[in-house]
1. For residue 298, which of the numbered conditions (1) over 27 Å from the mean Cα position of the chain (by Cα); (2) buried (at least 20 other Cβ atoms within 10 Å of the Cβ); (3) not in a loop (DSSP other than H, G, I, E, B) fails to hold?
2. Looking only at the range 194-222, count how many residues are surrounded by fewer than 19 Cβ atoms within 10 Å (Cβ to Cβ), part of a loop (DSSP other than H, G, I, E, B) and of a type in the set (D, E, K, R).
3. What pairs can you find where one residue is in the range 155-168 and small (Gly, Ala, Ser), the other is part of a strand (DSSP E or B), and their Cβ atoms are less than 6 Å apart, with a gap of 6+ or different chains?
4. Considering every residue within the range 137-145, establish whether at least one is within 23 Å of residue 325 (Cβ to Cβ), more than 16 Å from the ligand (Cβ to nearest atom) and touching a residue at least 40 places away in the same chain (Cβ under 8 Å).
5. Just checking, how many residues over the range 18-30 are over 13 Å from residue 74 (Cα atoms) and open to solvent by less than 30 Å² (accessible area, probe 1.4 Å)?
6. Residue 327: at pLDDT 95 or above, at negative phi and touching a strand residue (DSSP E or B) at 6+ places or on another chain (Cβ under 7 Å), yes or no?
7. How do the pairs read when you match residues in the range 310-327 that are part of a helix (DSSP H, G or I) with residues anywhere that are near the ligand (Cβ under 9 Å from one of its atoms) and modelled with pLDDT under 95, using Cβ under 7 Å and keeping only pairs 6 or more apart or on different chains?
Amino acid sequence: MALGLVTAGESHGPALVAIVTGLPAGLELAKHAIDADLRRRQQGYGRSPRQQLESDEVEVLAGLRQGRTLGTPLALVVRNRDHANWTWGMSPWPIEGEPTGKGTKPVSLPRPGHADLAGVLKYGHDDVRDALERASARHTAVHVAAGSVAKALLRALGVDVAGRPVEIGAATTDEGMREATDAARKDRDTLGGVVEVVATGVPPGLGSYAEKRDRLDARVSFALMGIQAVKGVEVGDGFALARRRGTEAHDEIDPGLHRRTNRAGGLEAGVSNGEPIVVRAAMKPLPTLMRPLDSVDLTSGEAAQALVERSDVQAVEALAVVAEAAVAFELARAALEKLGGDSLDDVRAAHRHYLERISTLWQPR
Ligand SMILES: Cc1cc2nc3c(=O)[nH]c(=O)nc-3n(C[C@H](O)[C@H](O)[C@H](O)COP(=O)(O)O)c2cc1C
């Protein structure tokens with residue numbers, strides 16, 4: 001069975017849920033490792049006080065026994081601690097009596113750059129909150145939890161995946177990134193940026209050139225583009241390759257079958273080539289603004305300013321963690337397609353056998 005992921009959960013609802021299917025039995029998971037990734041997602045210089053409020057923690061409801069996967073669906077839950085302030089407004093069931101707390105007044109001021117307007121039109125909601133609660137990036141928390149599980153599987157195969165911010169606004173140094181964030185905060189504005197994810201230890205041969213949907217470059221790009229606020233994806237040198245000549249764009253093969261450069265980002269013809277996989281994602285500036293943009297009040301039809309809701313100045317460091325999780329999940333899926341078995345021992349044996357078969361030609365560096 002292919003590795004699969006389905007998630008549910010609203011930003012201020014009781015909890016976020018993820019169900020991961022297709023994991024082999026016998027994979028050891030550590031709660032502290034998943035929680036550490038959840039914490040990484042919440043940290044970052046440009047985040048709002050909501051992040052301190054949440055301090056996410058994973059709960060497992062199924063598929064795990066004594067820290068080892070059972071080969072059955074793994075059910076992960078991350079509670080929204082902030083739900084305590086929204087128990088009436090985000091209650092799954094109608095509550096009798098006076099509305100109290102947050103989310104009790106319908107939102108009618110759609111924010112440009114969010115799902116607000118399209119969501120209301122698409123589903124016929126009469127409260128913008130019905131759209132924004134799910135469209136929010138809050139549920140990236142359970143994607144990170146699922147990514148953490150994928151990373152545990154990949155680690156068992158010697159693969160490491162790491163994401164980091166490489167640009168915030170136009171800044172590329174740590175200090176510059178902080179300064180840019182401070183300046184945007186002072187101006188009550190927001191920033192975007194670029195993150196990079198690198199996967200090392202990926203053997204050659206994951207993915208396929210046979211069909212478009214099987215290409216690993218396409219799948220990793222899809223995984224990244226599916227994250228909120230991502231507007232561009234690059235594999236290897238990406239767009240810069242378009243401006244070079246062929247002699248300066250490809251990666252020559254040395255006598256050990258390794259590459260002298262890695263401009264392709266470890267992916268050729270949709271297949272991993274044994275070099276580190278390098279992908280980047282561009283994030284637009286966050287669309288909830290403290291200096292709101294022009295919008296329309298959907299109740300009156302009058303010109304108005306968009307909703308102002310507590311929001312981050314930038315979430316590029318958080319995106320790096322979310323992107324790392326997305327890439328890890330896709331690589332784990334591709335690894336299981338090639339090496340899959342019902343137990344981790346089967347997967348490991350297939351991995352060993354494969355590396356042995358190609359070892360006369362190619363060996364890890
Ligand atoms: C980790 C992460 C955190 C985000 N935090 C915010 C935020 O605080 N405020 C905001 O307006 N948008 C935030 N976003 C972006 C919006 O969720 C996103 O722009 C919006 O849902 C519209 O989707 P689109 O940008 O993909 O078109 C965040 C995105 C990510 C990946």
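1. (3)
2. 1
3. 162/198; 163/195; 163/197
4. First pass over the range 137-145, keeping only residues within 23 Å of residue 325 (Cβ to Cβ): 137-145.
Narrowing further to those that are more than 16 Å from the ligand (Cβ to nearest atom): none.
So far as the range 137-145 goes, no, none of its residues is within 23 Å of residue 325 (Cβ to Cβ), more than 16 Å from the ligand (Cβ to nearest atom) and touching a residue at least 40 places away in the same chain (Cβ under 8 Å).
5. Taking the range 18-30 first, the residues over 13 Å from residue 74 (Cα atoms) are 30.
Narrowing the set further to residues that are open to solvent by less than 30 Å² (accessible area, probe 1.4 Å) leaves none.
Summing the residues that are over 13 Å from residue 74 (Cα atoms) and open to solvent by less than 30 Å² (accessible area, probe 1.4 Å) in the range 18-30 gives 0.
6. Details: at pLDDT 95 or above: yes; at negative phi: yes; touching a strand residue (DSSP E or B) at 6+ places or on another chain (Cβ under 7 Å): yes.
Yes; evaluated as a whole, the condition is true for this residue.
7. 317/44; 318/44; 318/47
To keep it simple, each residue is scored yes or no on (1) among the acidic types (Asp, Glu); (2) farther than 15 Å from residue 284 by Cα.
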residue: 136; (1), (2): no, no
residue: 140; (1), (2): no, yes
residue: 149; (1), (2): no, yes
residue: 169; (1), (2): no, no
residue: 175; (1), (2): yes, yes
residue: 184; (1), (2): no, no
residue: 188; (1), (2): no, yes
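The values are calculated or read from the model by the stated rules, or taken from the named source; none is laboratory data. Owing to the predicted nature of the structure, the values given are computational and were not obtained by experimental measurement. Neighbour counts are summed over all protein chains in view; Cβ atoms, including those assigned to glycine, are modelled from backbone coordinates with ideal geometry. Side chains included, ligands, DNA and RNA excluded: accessible areas come from the protein's heavy atoms. Shrake-Rupley method; radii C 1.70, N 1.55, O 1.52, S 1.80 Å.
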